[in-house]
Amino acid sequence: MADASGPRAVVAGHAGFASGIVSAVGKIAGRPEVFIAVSNEGLDLGGVEQAIRGALDAHGARVIFTDLPAGSCTMAARRLARLDPSIAIVTGVTVTTLLDFALGDGVSEPDLQRAAARGRESITVVPASGGHGAA
């Protein structure tokens, strides 16, 4: 179990995605300690898996958020979850998804389902002004 004052989840993604989104959510929520960022940059699948495992083990976290459903970070997370069924994965993460998780204090399946739903609900197409296209 993750320490209540330390990271509760790993965010893994391509290049600087994880560090950028974790930084943004930490600033917005005022809770920078909730997540630990892992990048796949320069790593093969085994390296990504090792990096995520190291972050999970170092902090006791059991939740992994990833950027792309079929990306290397998700593939590595799925490998880890097959070996350890206590690991949960949420993929296609958005700022809204992570904000919902950060502002809560749970790591249960319903907590993760709610955070994922909030992320999906926040994706909106804003119509061009007057319906005539962009100015």
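Per 10 Å bin, what is the whole-percent P(r) computed from every C-alpha pair distance within the chain?
All Cα pairs, binned at 10 Å, distribute as 13, 44, 30, 9, 5, 1 percent.
Let me have the relative contact order for region 9-120, percent, based on Cα pairs under 8 Å that are six or more residues apart.
26
For the chain, what does the helix formula give at 222 nm: sum of -39500 (n - 2.57) over DSSP H segments with n ≥ 4, over the residue count, nearest 500 deg cm²/dmol?
The helix-only estimate for the chain comes to -14500 deg cm²/dmol at 222 nm.
Highest first, please rank the peptides 26-33, 76-83 by the mean number of other Cβ atoms sitting within 10 Å of their residues.
76-83, 26-33
Using DSSP to define loop residues, name the GluC sites (Glu not before Pro) in region 37-135 whose beta-carbon has at most 15 other beta-carbon atoms within 10 Å.
When the GluC sites (Glu not before Pro) of region 37-135 are filtered for loop state and at most 15 Cβ neighbours within 10 Å, Glu41 remain.
By how many nm would the segment from Ser5 to Ser122 lengthen if fully extended, with 0.36 nm per residue of separation less the alpha-carbon distance?
Full-extension gain reported as 39.3 nm.
The numbers here are math on the coordinates, done by the rules we state, and not lab data. Quick caveat: nothing in here was measured; it's all calculated off a predicted structure. Counting neighbours? That spans all protein chains shown, and the Cβs are built from the backbone with ideal geometry, glycine included.
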